[in-house]
Every structure is written in structure tokens, then in C-alpha cells.
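What follows is one structure encoded as C-alpha cells, with my remarks underneath.
The values are calculated or read from the model by the stated rules, or taken from the named source; none is laboratory data. If you're wondering where the values come from, they're calculated on a predicted model, not measured in any experiment. Neighbour counts run over all protein chains shown; Cβ positions are idealised from the backbone, glycine included. Ligands, DNA and RNA are stripped out before the accessible areas are found, and what is left, the full protein with its side chains, is counted by its heavy atoms. Shrake-Rupley method; radii C 1.70, N 1.55, O 1.52, S 1.80 Å.
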Amino acid sequence: MSIKTFSVQAICELLLNYGYIGPEDQERVLQRERLTRATLQKRQGSTGAFANRGGGYEVLPPELIAEMRIPSALSPNRTIGEDLIYEVLARALGMRHTKIDPLKLDAKLVTSTWNRAFARRYAAVPVGKEGKNLLVAIANPFDLELMENIRRAMGDQVIPVLASKQDILRTITEMYGFQLTVRAAEKEFDARFDLGNLEHFIHLKNIDEIESNDQHVVNAVDYILHYAMKNRASDIHIEPKRDSSEIRMRIDGVLHDIHSVPKKLHAPIISRIKGMGLMDIAEHRKPQDGRIKTGIDGQEIEIRISLVPMAFGEKAVLRLFDASLLFNKVDDLGFDEDERLTWENITRQPQGMVLVTGPTGSGKTTTLYSTLRMLARPEVNVTTIEDPVEMVVERFNQISVNPKMSLGFAGALKYTLRQDPDIIMLGEIRDGETAENAMRAAMTGHMVLSTLHTNDSVTAITRLRELGVESYLIADTLLAVLAQRLVRCICEECRQETTLSDEQMELMRIPTPADGRKLRAYYGEGCVRCRNTGLFGRTGIYELLVLNDRLKRMVKNDAAASDLLTMAKQDGLMTLQDAAVRKLARGITSFGEALRVLNW
């Protein structure tokens, strides 16, 4: 079907013909068109950031229809959004559609092709090159004036591709705003860099405030934080190189290159971050730690800062803690139902020790905080001992260890026991003294939760022995060990069914069925939602070892880890490998992701 006008009615007819909406949906859209248009004009026009050639905010049909959030007739779990509308529109016009991925854009290409005023005026932004051809994302394929101006300026080697207007406007804000801020800071930077008023809670400016502010280094840092939060980044790396400063972000466990800024701006950016984190701005030779509390869209975010001197300057790593993610419900962590019930029953015991194990970045902190949130009640005294405190929570009594003041984990635990605690969360067991003190606390009427860096659950028992804890003490106090990993989930909007080959089953150590059946699995084909990775978000896989009477006797008798594992499997232990295979068979994660995590 072709389309000759860019109107709400024409777009509705397209969606109707492709089966995405029904006649009643079309009628409802047309009835609500005027009211929705006025709402969008008022909302978007109030920012003053993007105006059409007539001076007001131009509402395009796709964004108007998307605003109504109509369920898709072909996929009830998906609403008719801008991206879907532009996909259908591109198909009808014989054009290409793109989902703008800010992680893959060339910032220099975007900002050097034409200026921000032109990009805003026409809602058009360069998104890449194919040979000598320039790919330009546009929101209005019927804007003849735009195409004439682009071809007059760039020649005939321009390929227009359709993208949602909101993606284009967001790209203009982020790319032009950040790059212009960096250039202005280059020109105006001198040794007298004013950090302004420092407060523990940092007010993070919204986009309009950033654009109207002439403190360019301050703006650059605010842009970086905005970008990280909008793209679900867990960490920001600001790395000094010989000729530049590289900014990378970790999203769903994977690092992405984001920006490269001139080397002369690295020091002032680091100084700004130091100021925000109440750190020593004049100290450049020693590692420093700090924290920032800020917010975006009404959601408070805590940011932990680590600064370490490198060959070409100080490297900063900012870890972002979103309370809504750090404090998941235990139900949402990824436990199977039987695992969840067992975990909840164990951690609700009045005394004993429970350990969570896994490498750095495996989600141990989220599991512990979510569990503490479940356990914290007015009649219970919950105390945490951390290095440093990950997230400030008023419901907990939180202690940050300070080795400079001779307050380590063991010492803090000693003083905590005088504070009448019911539940103690010990950030990590690192040495024999801490391990033994924690064990004795667990024997004397306290529930103690802590972490160890071991690869599986059974090895935690071996590690405790290596730290000097007597086997009888382990057997009498240790209730359970939870080993865990984080796996990326298959994107729900592009999930496809497949089967595992014999080679893949062998790599996952899955025995081949006698009847030759293949194991059903799933993968993500790639779509706009997941940036064509096929993966979106993360969940946990778990190995929960509960010490029953037989295992306790074996621990007292100094049984080897291999013998303990054999016995635990006989008693029904589901290993990390079993958990990964189960998540794979249920279509939660992919073969490649399960294999990657098991080889961690």
C-alpha cells in the first residue's frame, strides 16, 4: 500500500491495512486527534527547545498516534509506538527505517555536518555513512524543503532514512549539546576553574537548564550523567589517554565507547567530579573515593566515585546505584519459585550465617539489599557493615569501614554486636579474624549475611577453612550458600525459537537424549528496542546449597569439596550449569549468553 499524505488519517489507514489496529482504534484516534495534538503542543512547546518554522511545536502524526498508546492487534503486549509507526511508514514508502542508537553514532559526523539550528529546524540528523553516501535520519518524509536544502548543501549523495522524531530530537540535544559544551570549555578553560557551591545532594540540571548555562565543564559532566541514566548504564569510565580523554559506559554488563574529548578537558572534568563528591581537588597522586547523591525524573540516584592515578592522569569510575534496581523484590531477582521460597525461609531464621558468592559484578549486592529490604521490619534491628556503603537506606543502620581509623570489618563487627542487632549484613569476609567473628556472631543469636569471592557454593566452605575457621564452627553456623551470576535476557519483542546443535549441547554439557531429540532454545533476532543485540536487561541464575544434617556431618569430618558437591547433587542441588540450562530452555536467555556466564 502506498501513502500520499502525511496525515493522522493516512497513517491510521496504513496501520489498519497492515493489521496493527482495528477500525474501532482508527475511529478513536481520529476522535481524539485535536485534543491530543493540543496536549502535545502544550507539553513540548513549553520547553522552548524545538519549534517548527512557524514558531510553535509541530506535532507529527506518528508521535500523536503513539501518544495514545493503542495496544497492537498483532502483539497485545506491545503498544503502537513511534518506532513501529515509522517501520510501517518506511515499508509503504520503500524507504529505510533506523532506530537511532546513540552508542553507535559518530559524534563528530553528527555535529560537523550542519549546525544545531538547522538540525532543530528540520528535525534531521546525520547518523552514518555508507561509502560516500551520507545517511540522514528524518521524521517527515514529505518535507520537500528539507530534502532540497540537504541536497543543495551536501549534493546528491544523501540517503534519507526514517526515524522517530523523539529519537532525532534526543540525539540533537545529547550530541550537539555535549559537543558544543566541550568546544566552549576548550576555549574558555583556564587555571581558575570555579566549582561553585558544593552540597551533598547535587542538583542535576535538566536539558533546558544545561543549555542556558555557560559553565561549560559543569554542563559537560551533567550531560554525561544524563546520558548514563537514560541509557541504563551501571558504570561510567573516564579514562585519560595520551592525546584525549575517553568516556565509556557499561550497559547490561558490557562496556561501550561513548565520547572522546580533548585531553586538556580531562583535568577540569575530573576536578568537577571531585567537587561533586566532596573529595580533595588538590590531591592528584593518591587514590580517592567519594559519592554523589542526585536525581533525575523524580528518581534518586546514588553515584559512587573511584579515582586512581594513571600514566596520563587520574581515571574516574562512577558506579550508579538506582534504588529501584538495587532494591528489587526478591520475587524479581530471577529465582525459580522453589528457590525463592527456600531462600526466604532460610534468611528468616533467627540465627545462623548465609553467604552469597560470585565474582565482581555478579549481582551479590542487589541480592543482599533486596533480601534485607524483605527482612527489615520495625521490630528488627538491621545493621550493615560495608566498604563503602553502597546505598544509604534509612531503614538500615549502616557502618562504613575506615581502615585509616583502624575500623575494619572485624572491628566494626565487634562494636556492632554491642548495638543489639538482630540481622547483620557484612559486606565481605576477607580475612580469618572477620570470618571467625562473623561465625561466632551467628552462633550467639544473630542472623549474619555476607559475601565471599568464590566461583560456586561448595567452594565457600573450603575458603572458610583456608581462612582458619574450624570445621565444627562452619557446620554449626552456616545455613546456606548462594552462588550466582547475571545473564542478559533475550529481548521479548524479537525472540525467536531454535534448537541447540549437538556441538552446542556438548559445550553446555547437556546429555543427548536417547531418542535424538534436540533441546528447544531461543535467541533474539535483533530489533529497535534492543539496539539489534537481541538482548535487553539482566536476570540472575543461582546455585543454592542448603546444609542439611548429612552435609553438616561431612563438613565436620573435613570432607573435600568434590565429595560435598556429589552429596549435594544427590540431595537435589541445582548447579549454576543446571540453572543456566533451565533459563535457556525457558527462553529467558540465549545459548551464547549462558555459555559466556558459565565460563566466567
Once Rh is set to the Kirkwood radius over Cα pairs, what Stokes-Einstein translational diffusion coefficient, in µm²/s, holds for region 115-158 at a temperature of 10 °C and a viscosity of 1.306 mPa s?
148 µm²/s
Dimensions of region 355-431 along principal axes (Cα, Å, largest first)?
33, 32, 21
Quick one: 3J(HN,Hα) in Hz for region 525-532, Karplus 6.51/-1.76/1.60 with θ = phi - 60°, rounded, Gly and Pro as x.
6, x, 8, 5, 5, 9, 6, 6
Report the Rg/Rh value for region 1-42, based on alpha-carbon coordinates and the Kirkwood definition of Rh.
1.02
re the chain: pairs of Cα atoms spaced beyond 47 Å account for a percent value of 26 percent
Beyond 23 Å, how much of the Cα-Cα pair distribution for region 406-487 remains, as a whole percent?
17 percent
Taking N as its residue count, the alpha carbon Rg of region 285-359 over 2.2 N^0.38 Å:
1.62
For the chain, the accessible surface attributable to carbon and sulfur atoms (probe 1.4 angstrom, ligands and nucleic acids excluded) amounts in percent to 47 percent
In the neighbourhood of LEU93 defined by beta carbon distances under 12 Å, the net charge of the other residues (Lys, Arg +1; Asp, Glu -1) is +2
Would you kindly calculate the mean projected area, averaged across all directions, of the convex hull enclosing the Cα atoms of region 388-435, in square nanometres?
3.7 nm²
Give the Rg/Rh ratio for region 456-540, taking Rg as the radius of gyration of the Cα atoms and Rh as the Kirkwood radius, to two decimals.
1.21
Find the accessible area per residue for the chain; the probe is 1.4 Å, ligands and nucleic acids are left out, and the unit is Å².
47 Å²
In whole angstrom, largest first, the equivalent ellipsoid semi-axes that the Cα gyration tensor gives for region 222-332 are 25, 16, 12
Dimensionless Rg over Rh [region 300-429; C-alpha; Kirkwood]:
0.99
Inter-centroid distance (Cα atoms) of region 381-449 relative to region 243-319, Å
29 Å
Strictly greater than 12 Å: what percent of every Cα pair in region 62-119 meets that?
74 percent
Would you work out the relative contact order for the chain, in percent, from Cα pairs under 8 angstrom that are 6 or more residues apart?
8 percent
Measuring from the longest principal axis of the C-alpha atoms of the chain, the long axis of helix 82-93 (C-alpha) lies at a number of degrees, nearest 10, equal to 40 degrees
Can you give me the P(r) profile for region 502-569? Cα pairs, bins 10 angstrom wide beginning at 0, each as a whole percent.
15, 23, 27, 23, 11, 2
When DSSP beta bridges are limited to those with both residues in the chain, what percentage is antiparallel, rounded to the nearest 5?
65 percent
Counting pairs of alpha carbon atoms under 8 Å apart in space and at least six apart in sequence, what relative contact order in percent does region 484-529 give?
54 percent
How long are the three semi-axes of the equivalent ellipsoid for region 465-600, computed from the Cα gyration tensor as the root of 5 times each eigenvalue, in whole Å, largest first?
36, 18, 11
Could you state the principal axis extents of the C-alpha atoms in region 362-502, from the largest down, to the nearest angstrom?
57, 37, 32
Between ASP338 and ASP420, with labels modelled 7 Å along Cα→Cβ, what's the label distance in nm to one decimal, could you check?
4.2 nm
In the chain, what cysteines have no partner Cβ closer than 4.7 Å?
CYS12, CYS489
All lysines inside 23 Å of LYS518 as judged from Cα atoms, apart from same-chain residues fewer than 8 positions distant
LYS583
Low-density loop positions, trypsin sites (Lys or Arg not before Pro), region 498-600 - DSSP coil, at most 14 other Cβ in 10 Å
ARG509, ARG517, LYS518, ARG586
What percent of all Cα-Cα pairs in region 50-185 falls in each 5 Å bin, counting up from 0?
2, 10, 19, 23, 20, 14, 7, 4, 1, 0, 0
Taking a threshold of 18 Å on the Cα-Cα distance, which of the pairs LYS129/LYS165; LYS241/LYS263; LYS99/LYS129 fall above it?
LYS129/LYS165
